[in-house]
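Please read the structure below before turning to the comments.
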Amino acid sequence: MKKILSSLLFWLPLILTACGKGIVEVTNESFEPRLVIEGLLIADEKVDYIRVSRNFRLNADLSGMDLVINNAEVKILDAGAGKTYSLTFFEMPISPNAPKYERINRAYYRYANDDWRIAASKTYTLEVRATVEGKALFARSTTTVPQTGFKVAQVNYDSLKYRQRDAQGEVMSFQLTIDRSPGTNFYVAVIRPQLATMDNFIYDNSYVDLKPEDVAEDLDDFNNKVEWIQDTPLVAGQSRLDIFWWDLWFYSAYNVAVYAADKNYRKFLQTYDSVQEEDGNFHAAKFNFEGDGIGYFGSAVVDTVQIKVLR
């Protein structure tokens, strides 16, 4: 997921009006600087890809605005071990002609040494301090990593032709059987093709009628699909996670990363893109931060499998 999902930009200074009509009057009058934080701890892995950036005014010129914060104080506290770990800033090279906002996908904080790994079942607290527009900001969030026991136990097919049918004429599909993590009831599958180009796109599909120029415009959207199951039993056992044909847009092998995710990440995923209620009113996503932070800080146990869509 650290990769899985696109980086998030948040427009916070919204004044909501016209209750029940879903009309929003947008101004900068209520703008407050905030730390935008994206972080997911993975059991048995080093701490990496903790992004720290800032929000912005609605009239900001993003092509010339640098949203990355490269001088934040970022720490993770392991209360059980009585230790605090400081993270350092790292940035991958970017084209000098690229808009500055593209740095968000290439700049992050990480633990540089090799003497520490995230452990299942343990609790960790992230603390971030930084100054934005002359204001000292602070954010804190705590996550408990899901327990061991989770894995992808079985995949029903290693490969299928696109919408292949069985002897009875029924469309076949990929299904994952997972061993659940006790205490966890939310599992996310991130589905990404190993090769995603206009040449291997499935134009003869059952959902959209697109030309190559249309695919080129939305290539990133087809390249990253997510499915989840929720409210599974909180005890050890098995559950099924389906991968649908609308998740598979290329003739390619696919990497499927499945995450047993904590409650922080669950709440964020379920709310960040659904902030308007049926009556038209708006509400904030679930950020799980104390202080001046927006975004997410969560944890997961992950397992990865491969499937293949054949011509």
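Under a 5 Å amide H cut-off, with hydrogens placed 1.01 Å from N, Lys122 pairs with Val145 among residues at least 5 apart or on other chains.
Taking the number of Cβ atoms within 10 Å of each Cβ as an exposure proxy, the fewest-first ranking of Lys75, Lys135 is Lys135, Lys75.
Length available on full extension from Glu290 to Lys135: 0.36 nm per residue minus the Cα-Cα distance, which gives 54.2 nm. Cross-link partners among lysines for Lys161, C-alpha distance below 17 Å, same-chain residues fewer than 8 apart left out? In chain and number order, the partners are Lys308. In the structure shown, do any of Lys46/Lys263; Lys151/Lys267; Lys122/Lys225; Lys46/Lys267; Lys46/Lys83; Lys122/Lys263 have a Cα-Cα gap over 18 Å, and if so which? Going by Cα-Cα distance, Lys46/Lys263; Lys151/Lys267; Lys122/Lys225; Lys46/Lys267 fall outside the 18 Å limit. Charged neighbours of Tyr162, selected by a Cβ distance under 10 Å, balance to +2 (K, R count +1; D, E count -1).
Does segment 177-311 come out rounded, prolate or oblate, given a ≥ b ≥ c as the square roots of the eigenvalues of its C-alpha gyration tensor, rounded meaning a/c under 1.5 and, failing that, prolate meaning a/b above b/c? Oblate shape, in that a/c is at least 1.5 and b/c is the bigger or equal ratio. Karplus-based coupling profile of segment 161-170, in residue order and whole Hz: 6, 4, 6, 4, 10, 8, 5, 8, x, 8, with θ = phi - 60° in 6.51 cos²θ - 1.76 cosθ + 1.60 and x standing for Gly or Pro. Work out the FRET efficiency for Glu170 and Arg110 from their Cβ-Cβ distance, taking R0 = 41 Å, and round it to the nearest 0.05. That gives a FRET efficiency of 0.30. The alpha carbon radius of gyration of the chain, expressed as a multiple of 2.2 N^0.38 Å, is 1.08. Using θ = phi - 60° in the Karplus curve 6.51 cos²θ - 1.76 cosθ + 1.60, the 3J(HN,Hα) couplings for segment 294-311 round to 10, x, 8, 9, x, 8, 6, 10, 10, 9, 10, 9, 10, 10, 9, 9, 9, 6 Hz; x is entered for Gly and Pro. Counting every other Cβ atom within 10 Å of each residue's Cβ, Ser299, Ser86, Ser173 order from fewest to most as Ser86, Ser173, Ser299.
Computed from backbone phi with θ = phi - 60° and the Karplus coefficients 6.51, -1.76 and 1.60, the 3J(HN,Hα) list for segment 119-124 is 10, 4, 6, 8, 10, 10 Hz; x is used for glycine and proline.
Where a number appears in this text, it was derived from the coordinates with a stated rule and is not lab data. Values in this document were obtained by computation on a predicted structure and should not be read as measured data. Every residue, glycine as well, gets a Cβ built from its backbone with ideal geometry; the counts of neighbours run over all protein chains shown.
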